[in-house]
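Since the structure comes first, as C-alpha cells, the remarks are kept for the end.
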Amino acid sequence: MTDRRGFLHVVGLGGAFVGGGLVLSACGSDGDSTNSEGLRDVTLQANFLVNVSQLGEVTAIEQGFYQDEGLNVSITPGGPSVDPTSSVVGGHTDIGVGNSSPSIFLGVSEGRPIKAFTVAAQTHPYGFFSLPDNPVRTPADIVGKKVGVNQTGVILLEALLAENGYKKSDVDIVTTSGEITPLLTGQVDVWTGWVIQQGQLKELPEDYVTMTLAEAGVPLYALIYFATEKSLKEDREMLEAFTRASARGWFYARENTEEAVKALASRYDSLNEEDEAVAAEKILDFVFPDGSDEFGEMDPKLWEEQMDIYDRLGLFDNPRPSVDKVMTSEILEATKDARMGDT
C-alpha cells in the first residue's frame with residue numbers, strides 16, 4: 001500500500017486535474033543538442049497532461065518567443081504516474097514543472113539534485129468547493145463537514161487544518177475520484193481540486209463557493225520551474241533564455257487570452273476550448289495576482305514558511321534542507337527586465 005508520502009513526487013501534492021493532448025514536438029533530452037535550424041533543443045516536463053497550466057509555454061512556442069532566444073522547446077505531457085523530478089534528474093527532460101513547492105523541497109530532502117529557479121503560479125490553485133446552501137468560506141466552516149478528497153490531496157487538507165488550529169479528526173474525510181458527483185448528490189459537503197478543473201466545476205450552480213489554499217492560510221507556490229544543480233551551474237544561459245521567453249508567453253497570453261486558448265485547443269484537440277477559456281482566466285489570476293506586472297518572482301522567506309508547515313506536519317523523513325538548496329534567485333535576477341513585461 002502506498003502511503004501519503006509516496007504520492008508527493010507523483011503529482012506534487014495537489015491531485016490530478018483534467019487535461020489532455022499530445023506532445024508538441026519530439027521528446028527526450030540528449031544533452032546540448034542543436035537542430036537543423038541551429039536552435040538548441042530543450043524539453044520541458046509538464047506537471048500533468050497539458051492544459052491551461054502550460055498556456056504561457058504553448059503561447060511562447062506559437063509566437064516564436066523561444067526561437068527568438070535560440071531554443072526549440074518541446075513539452076512532454078505528464079500524468080498520474082509521471083514524476084517530473086525523476087524525468088529531469090534522469091536526464092530525460094531538461095526542465096521540469098512541479099505541481100507545488102512541496103514536490104521540490106521534499107525531493108531535495110531525499111537527495112534529489114534539483115532546484116527551483118522560477119515559478120508560474122504565485123499561490124496554489126487548489127480549492128475547496130461547496131454549494132451555496134452549505135457554504136465553506138473560511139477554515140472554521142469546514143469543521144464537522146464531509147470533505148471529498150482524493151488520496152493525493154489529503155495532505156493539503158491536513159495542512160489547512162493544522163495551520164488553522166484544527167485536527168484531521170475535526171472533519172469527515174471521504175475518499176473520492178476526480179468526479180464532482182459526490183458534492184452534487186450530497187455524499188460530501190466539500191469537493192476538492194484545482195480551480196481550473198472547469199470540466200467538473202461547470203456542473204455546479206453558478207453561485208458555488210470556493211475557498212483556495214491561500215485564502216485558508218496555506219501559502220504554497222504552484223507550477224514551479226526546476227532544473228538539476230548541474231544545469232544551473234553549466235547551462236545557465238539556456239535557463240535564462242527559457243525564462244525570458246516563458247515570461248513573454250505568459251504576458252502575451254494575458255493580453256491575448258482568446259487567441260492563446262484557441263491555439264492551445266488547436267494543438268491539443270482533446271481539450272474543450274470553452275472550458276479552457278474559463279480556466280485560462282482563472283489560472284492567469286494566480287500567475288499575475290492583483291494585476292501584477294511581474295512574472296515568476298519567488299521569495300526565499302515564503303519558501304521557509306512553506307517548509308515550516310510541512311515540518312510541523314512531520315513530513316520530512318530526512319533532514320530539512322536549507323532554502324538555498326531548494327531554490328535560487330540567480331535566474332530571476334538575470335531575467336528581471338523580461339519578467340517585468342519589458343519584452
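The values are calculated or read from the model by the stated rules, or taken from the named source; none is laboratory data. Note that the structure is predicted; figures quoted are calculated from it, not measured. Because the Cβ atoms are built from the backbone with ideal geometry, glycine has one as well, and the counts that use them run over all protein chains shown.
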Between residues in region 313-326 that are not assigned by TED's automatic domain parsing to the domain that holds LEU161 and residues that are aromatic (Phe, Trp, Tyr), which pairs lie under 7 Å by C-beta distance while being six or more apart or on different chains?
PHE316/TYR310; PRO321/PHE105; VAL323/TRP303; VAL326/PHE105; VAL326/TRP303
Selection count, region 94-116, where residues are surrounded by fewer than 24 Cβ atoms within 10 Å (Cβ to Cβ) and among the hydroxyl-bearing types (Ser, Thr, Tyr)
1
Within the group VAL58, VAL73, VAL88, which residue is of a type in the set (Val, Ile, Thr), at pLDDT 95 or above and in a strand (DSSP E or B)?
VAL73
Of the residues in region 278-291, those that are surrounded by 18 or more Cβ atoms within 10 Å (Cβ to Cβ) and either more than 21 Å from LEU201 (Cα to Cα) or in contact with an Asp or Glu (Cβ under 7 Å, 6 or more places away or on another chain) (or both) come to PHE288
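Yes or no: GLN200 over 17 Å from the mean Cα position of the chain (by Cα), in a loop (DSSP other than H, G, I, E, B), of a type in the set (S, T, N, Q) and on the phi < 0 side of the Ramachandran plot? Step through it out loud before you land on a result.
Numbers: over 17 Å from the mean Cα position of the chain (by Cα): yes; in a loop (DSSP other than H, G, I, E, B): no; of a type in the set (S, T, N, Q): yes; on the phi < 0 side of the Ramachandran plot: yes.
So GLN200 fails the test.
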For residues in region 33-73 being surrounded by 20 or more Cβ atoms within 10 Å (Cβ to Cβ), of a type in the set (Ser, Thr, Tyr) and out of contact with any His (no Cβ under 8 Å at 6 or more places or on another chain), which is farthest from ARG339 (Cα to Cα)?
SER53
Is it the case that some residue within region 129-147 is assigned to a loop (DSSP other than H, G, I, E, B), buried (at least 19 other Cβ atoms within 10 Å of the Cβ) and modelled with pLDDT under 95?
no
With respect to GLU333, determine if the residue is within 21 Å of the chain's Cα centre (by Cα), of a type outside the set (A, V, I, L, M) and either surrounded by 22 or more Cβ atoms within 10 Å (Cβ to Cβ) or in the same structural domain as ARG244 (by TED's automatic domain parsing) (or both).
no
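Yes or no: ALA241 of a type outside the set (Asp, Glu) and surrounded by fewer than 24 Cβ atoms within 10 Å (Cβ to Cβ)? Please lay out each step first, then the result.
Values: of a type outside the set (Asp, Glu): yes; surrounded by fewer than 24 Cβ atoms within 10 Å (Cβ to Cβ): yes.
So ALA241 passes the test.
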Suppose the filter is surrounded by 14 or more Cβ atoms within 10 Å (Cβ to Cβ), assigned by TED's automatic domain parsing to the domain that holds GLN67 and under 18 Å from GLN63 (Cβ atoms); does PHE295 pass it?
yes
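So, in region 104-123, of the ones that are assigned to a loop (DSSP other than H, G, I, E, B) and over 15 Å from the mean Cα position of the chain (by Cα), which residue ends up nearest to LEU239 (Cα to Cα)?
Going residue by residue through region 104-123, those that are assigned to a loop (DSSP other than H, G, I, E, B) are 110-113, 122-123.
Checking which are over 15 Å from the mean Cα position of the chain (by Cα) leaves us with 110-113.
Values: GLU110: 24, GLY111: 22, ARG112: 19, PRO113: 16 Å.
Taking the candidates together, the pick is PRO113.
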Note on region 18-45: residues at pLDDT 95 or above, touching a Gly at 6+ places or on another chain (Cβ under 7 Å) and within 25 Å of ALA222 (Cα to Cα) are THR43, GLN45
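A quick yes/no check of all residues on (1) β-branched (Val, Ile, Thr); (2) within 18 Å of LEU131 (Cβ to Cβ); (3) in contact with a Gly (Cβ under 6 Å, 6 or more places away or on another chain):
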| residue | (1), (2), (3) |
| --- | --- |
| VAL171 | yes, yes, no |
| ILE180 | yes, yes, no |
| LEU183 | no, yes, no |
| VAL190 | yes, yes, no |
| TRP194 | no, no, no |
| THR212 | yes, yes, yes |
| GLU215 | no, yes, no |
| ALA227 | no, no, no |
| ARG236 | no, no, no |
Taking first residues from region 161-189 that are of a type in the set (Ser, Thr, Tyr) and second residues anywhere that are modelled with pLDDT of 95 or more and part of a loop (DSSP other than H, G, I, E, B), the pairs with Cβ under 9 Å that are 6 or more apart or on different chains are TYR166/VAL143; THR176/GLN187; THR176/VAL188; THR181/GLN187; THR181/GLU203
What are the pairs with Cβ atoms under 7 angstrom where one residue, in region 101-125, is more than 15 Å from ASP299 (Cα to Cα) and the other, located anywhere, is part of a loop (DSSP other than H, G, I, E, B) and among the charged types (D, E, K, R)? Sequence gap at least six, or different chains.
SER109/ARG320
